[in-house]
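First comes the structure, then the notes that go with it.
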Amino acid sequence: MRNHFRSLFLALLLTTGAQWAYPVELSYHVRLKQPGNPAVEYPLQRQNGILVAPQAAALQIRESMEKVGDDTRLTLTITAREKVFFNIGIMANSAFTTDECEFYLPGFWYHKNLRSPHEAPLFHTSKSWNFREDRLSAPLSGVFDTKSGRSLTVMRVLGPQQADALLTHQEGEVILGGKSTVGYLGFDNEEGHARLTFGYPFVETPKRYIRKLTLVNPITTFARLDKNETITLSWMIHEATAKDYGQFVADTWCYCFDSLRPQPMRPLYSPDEVKAQLANYFRMAYVDKYPLKYHSGISIRCDDCKPVDHVQLGFCGRVLLNAFNALEYGEQTGESQLVRMGNDIFDSWLKNGFTARGYLKEDMHIAGGIPADNDVVHSIREQSEAVYAVLHYLAYERKQGRTHKEWEQKIRQLLDAIVQLQQADGHFPRKYRDDGSPVDASGGSTPSATSTLVMGYKYFKDKKYLNAARLTVDYLEQNIISKSDYFSSTLDANCEDKEAAISAVTATYYMAMVTKGKVRSHYVDLCRQAAYFALSWYYLWDVPFAPGQMLGDLDFKTRGWSNVSVENNHVDVFVFELHHIVKWLAGITGEQRFDQMASVIHTSLCQLLPTPQRLCGIGVPGFNPEVVQHTHWDYGKNGKGFYNDIFAPGWTIASLWELYSPRRTADFLQ
């Protein structure tokens, strides 16, 4: 058996069609696996127009190059002469010097991913990486040469039938247990020049990223071909130029969008039907036995959705925003129970939720009591989200002829405290103590305050809030948008993340809505730049699932859903106002891709809404899932095709409610 591979014949034929030069230098290797033996790797070389290997193998591989516009379509047609288990890899040499390069794998890798700890994929751990395609919002790997402005990308051409297979092992050399179309994409920098790597089936090297801040041993998978069976694989090789990394990402997103052409879905439910189901969360998650009342929205179990004592005011729970949603919906539908819940939540936080310095308390296990002022740490994001919710509530109440003077006084005090936190360059500390001293001085969360300050200006007619908002966007432009460095807006990860880009989009939109002329045009331009980055996190394709993986069996489509961050590689429904802003941008700028993508998002994000007839793996209708695990990554439990066992539906309900409330922000700002 040790001579098994020597006894097999390898024919590697090259068909080039028209005579023209290769766009980039390509190199190939094939790994062959005999079950029970280590795989053997063969480098492939061209000799007199034919690809040959010094050893023998049971494969015939035809390579063809085809010009498609300005691109090159690479196609490999692989036929087995007898049963074989194989993995084929390709490198495209950019000739760009590694030290001058930035990289881009949509929704997962930006620049060099340097903001995360070493336990996540980033350049500090290795300068060469390969990943499964389904980790990426578009199956593309790209490199940008900052010195010349040139770029090179490789994108997988998706076939009409996508599939995945369950894995028998999680590391090492693994023969796939069924049909899979999942390949890999990445980059290699071992020799000082950046090379893009791609192939089939997937490999993940030098480590696999399996859950938050957890890297494990690499994996190489092998696909089976039976005698005379053929598989065809294709990739598009694309070269371009851009003035900077930001334009490179924007242009590449447009290129991916035009190539993949994501289509809106036929939604399972209308917006009214979605809200009718989500309203069950307000009824079932309500907790009124503590001094602070709330809808339980964080750290609850998927299987029973029973309320717990963990309260988070902002992001994960969005307590006050959900209180307003319940109140408004209750009045619209005549459900007095929801109205009472909303009012009682606001009343309890007005009475018991503020510190002596005027900040709202954010995160607690309330069964142990409300924490003392000296024990709390605030985040600019959660304080801003709370003010956003209260101002919407106050504006709504004012329209109904009801005023809340004490709330108005408290919010003015809180806005004034926020303004006092602002640094000379316009930024806010990400986290700080009740006395204003910083815990995390990073400015990445600064744009989360912009919309709140603009709303304060509109509600109270006080220009100091608008001036503070203007300073935040000055900081945003100089330190985030111009550097294409969107980071540290999420609460549990201080890294490159989608929410930072969405915050930048939202901040510049709010400023555009309250300014005129050239100033407004400038904010629109900044908003557009940030929008490309925000949308780059949203899937433009439908990843495959294996039979038996619940999401696939539910016919879940990933297009329109988004990865979370470099550290959290799952998809979710985080959108809030982004959909409405992107549609507005399409009308203002003429970028029709924005309008089309907004339609994809709008029709896709209700797919996993739990209803009595279709619970989608959640114990109670209306509790929309959060950690949707679409690739081989998990948040601690269950893995691809399922959810983690613990989730935070407070923010998912708030996000979908905003998605299906298209006039809320525009009406406030007009």
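Quick look at the values:
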read-out	value
Helix-only CD estimate at 222 nm, as mean residue ellipticity for the chain, using -39500 (n - 2.57) per DSSP H run (n ≥ 4)	-10000 deg cm²/dmol
Gyration tensor (alpha-carbon) shape descriptor, the range 345-424, a/c threshold 1.5	oblate
The range 380-464, Cα convex hull volume normalised per residue, Å³	83 Å³
Binned Cα-Cα distances of the range 55-148, short to long, each 10 Å bin given as a whole percent	12, 33, 32, 19, 4
Cα→Cβ-extended label distance, 7 Å offset, between residue 41 and residue 461, nm	7.2 nm
Residue-level accessible surface for residue 289, protein heavy atoms, 1.4 Å, Å²	150 Å²
Residue among 514, 650, 78 farthest towards the positive dipole end of the chain, charges placed on Cβ	78
Principal axis dimensions, the range 622-670 - Cα atoms, whole angstrom, descending	46, 18, 14
Of all accessible heavy-atom area on the range 374-427, the percent that carbon and sulfur account for (1.4 Å)	42 percent
Solvent-accessible area per residue, Å², over the chain with all protein chains present [probe radius 1.4 Å]	37 Å²
Restraint check, 431/464; 306/399; 147/431; 243/518; 399/461, Cα-Cα greater than 25 Å	306/399; 147/431
All Cα pairs of the range 533-588, percent lying beyond 16 Å	52 percent
Accessible area in the full protein assembly, largest first, 1.4 Å probe, for 191, 239, 328	191, 239, 328
Dipole of the range 278-416 [Lys/Arg +1, Asp/Glu -1 at C-beta], most positive-end residue of 383, 324, 404	404
Dipole moment magnitude, nearest 20 debye, the chain about Cα centre, only Lys, Arg, Asp, Glu C-beta charged	600 debye
0 to 90° range, to nearest 10: angle between helix 319-333 axis and the chain longest Cα axis	80 degrees
Protein accessible area in the range 163-256, 1.4 Å probe - carbon and sulfur %	51 percent
Cα-based reach from residue 557 at 25 Å (exclusive), listing lysines while leaving out same-chain residues under 8 positions away	179, 212, 275, 498, 583, 637, 640
Packing rank of 435-443, 179-187, 115-123, where each peptide gets the mean count of other beta carbons within 10 Å, highest leading	179-187, 115-123, 435-443
Portion, in percent, of the accessible area of the range 510-646 that falls on carbon or sulfur, probe 1.4 Å	51 percent
FRET efficiency, residue 425 to residue 372 (Cβ-Cβ, R0 30 Å, nearest 0.05)	0.40
Extension gain (nm, one decimal) between residue 161 and residue 146, 0.36 nm per residue minus Cα-Cα	1.6 nm
Full-extension gain in nm, residue 521 to residue 118, via 0.36 nm per residue minus C-alpha separation	141.0 nm
Using a Förster distance of 22 Å, the FRET efficiency for residue 60-residue 191 (Cβ separation, nearest 0.05)	0.15
Accessible surface ranking that places the most exposed of 301, 208, 266 first, with a 1.4 angstrom probe	266, 301, 208
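The values are calculated or read from the model by the stated rules, or taken from the named source; none is laboratory data. Everything numeric in this text was worked out from a predicted model, so none of it was measured. Every residue, glycine as well, gets a Cβ built from its backbone with ideal geometry; the counts of neighbours run over all protein chains shown. Each accessible area value is taken on the protein alone, full model and side chains, heavy atoms only, with ligands, DNA and RNA left out. Shrake-Rupley method; radii C 1.70, N 1.55, O 1.52, S 1.80 Å.
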